[in-house]
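A quick write-up on the structure given underneath.
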Amino acid sequence: MFCVLDIEGSGGPYGKEAMIEIAVFRYSGEEIEDQLISLVHPHRNVQPFVSKMTGITEKMLVRAPRFHEIAKRLIEITEGAVIVGHNVDFDYRMLRQEFARLGYEFERETLDTIKLAQDLYPGLKAYGLDAMCDELDIFRTSKHRAESDARATLELFKLLQEKDRTKGISRLGERIKSTGYHKDKMIDLQRSVKKNKGVFYLHDKDGE
């Protein structure tokens, strides 16, 4: 099971930005089984360049749900699924950051369609979402909006799945296995180091 998602952020210093829009499609590998599409009130200012890029203004977010109002729904829709995104590290970090603010440790396996595309379509000049949509004729209604970008990522993922089966090289499975506990902890550490000074203790799963 997969959850293909895209998140738009407020902009700002690393670790202090917040989610302003999210789109998640729970995908069985054959069809969409569930979805969540929502603006999110960030409790902070949206950077002007973000509003210019996305078209999302602070006025649009005044009545949007706060993250804690959609948190339970996000846990349910992603349960038992691999998080799939184009540059998924950003989306996954934003999710974990928002959950951490609620005191909840959110952990899922992840799969980056950029890295999978590099495996399956070697030699392209660029692998950003714009470039991949142009290369593979994927239609997008708009750029830098969560629903449109998540749908485009889902279509890209379907093509990558088919390419993976055709080549018979199982890159998809390898990419999923490459994520996990230690990657999550490194994300947490990077976020902490950016904001705090001090001595940091690194522990394994057994607390050693």
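The values are calculated or read from the model by the stated rules, or taken from the named source; none is laboratory data. All of these numbers come straight from a predicted model, not from anything done at the bench. Here the Cβ positions follow ideal geometry from the backbone for every residue, glycine too, while neighbour counts run over all protein chains shown. These area figures cover heavy atoms from the full protein model, side chains too; ligands, DNA and RNA do not enter into them. Shrake-Rupley method; radii C 1.70, N 1.55, O 1.52, S 1.80 Å.
When the solvent-accessible surface of protein heavy atoms is calculated with a 1.4 angstrom probe, in what order do M186, M1, M94 fall, highest first? Can you show the working numbers first?
Numbers: M186 95, M1 75, M94 0 Å².
So the residues, ranked largest to smallest area, are M186, M1, M94.
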Study note, to complete from the structure: Of S38, S148, S51, the most mobile residue in a GNM of the chain (C-alpha springs, cutoff 10 Å) is S51
Check your understanding: Assuming R0 = 30 Å, what is the FRET efficiency of V62 and Y104, from their Cβ-Cβ distance, to the nearest 0.05?
Key -> 0.70
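Looking at this model, which pairs from K16/K52; K115/K197; K158/K205; K115/K205; K16/K205; K72/K158 are more than 24 angstrom apart at the alpha-carbon?
Working: K16/K52 20 Å; K115/K197 33 Å; K158/K205 34 Å; K115/K205 27 Å; K16/K205 27 Å; K72/K158 27 Å.
Listed pairs above 24 Å: K115/K197; K158/K205; K115/K205; K16/K205; K72/K158.
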Check your understanding: Over the chain, with a single point scatterer placed on each C-alpha, what log10 of the ratio I(q)/I(0) does the Debye formula yield at q = 0.11, 0.12, 0.19 1/Å?
Key -> -0.54, -0.65, -1.48
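How big, on average over all directions, is the shadow cast by the Cα convex hull of the range 89-167, in nm²? Before the final figure, lay out the partial values.
Details: hull surface 24.1 nm².
Seen from a random direction, the Cα hull of the range 89-167 projects 6.0 nm² on average.
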Check your understanding: Going by accessible area, probe 1.4 Å, with all protein chains left in place, what is the ranking of R63, R101, R108, R96, largest first?
Key -> R63, R101, R108, R96
**Study point:** Computed lengthening from F49 to L189, 0.36 nm per intervening residue step minus Cα-Cα distance
**Key:** 47.6 nm
Check your understanding: Between the DSSP loop rule and a limit of at most 13 other Cβ atoms within 10 Å, which chymotrypsin sites (Phe, Trp or Tyr not before Pro) in the range 107-162 are left?
Key -> F139
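What percent antiparallel are the DSSP beta bridges of the chain, to the nearest 5? Could the numbers behind the result be given before it?
On the way: 15 of 22 bridges.
Given both bridge residues lie in the chain, the antiparallel proportion sits at roughly 70 percent.
With each run of n ≥ 4 DSSP H residues scored as -39500 (n - 2.57), what mean residue ellipticity at 222 nm is computed for the chain after dividing by its residue count and rounding to the nearest 500 deg cm²/dmol? Could the numbers behind the result be given before it?
On the way: 9 runs with 97 residues, N = 208.
Per the formula, -14000 deg cm²/dmol.
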**Study point:** Qualifying chymotrypsin sites (Phe, Trp or Tyr not before Pro) in the range 1-102, DSSP loop, other Cβ atoms within 10 Å at most 12
**Key:** Y14
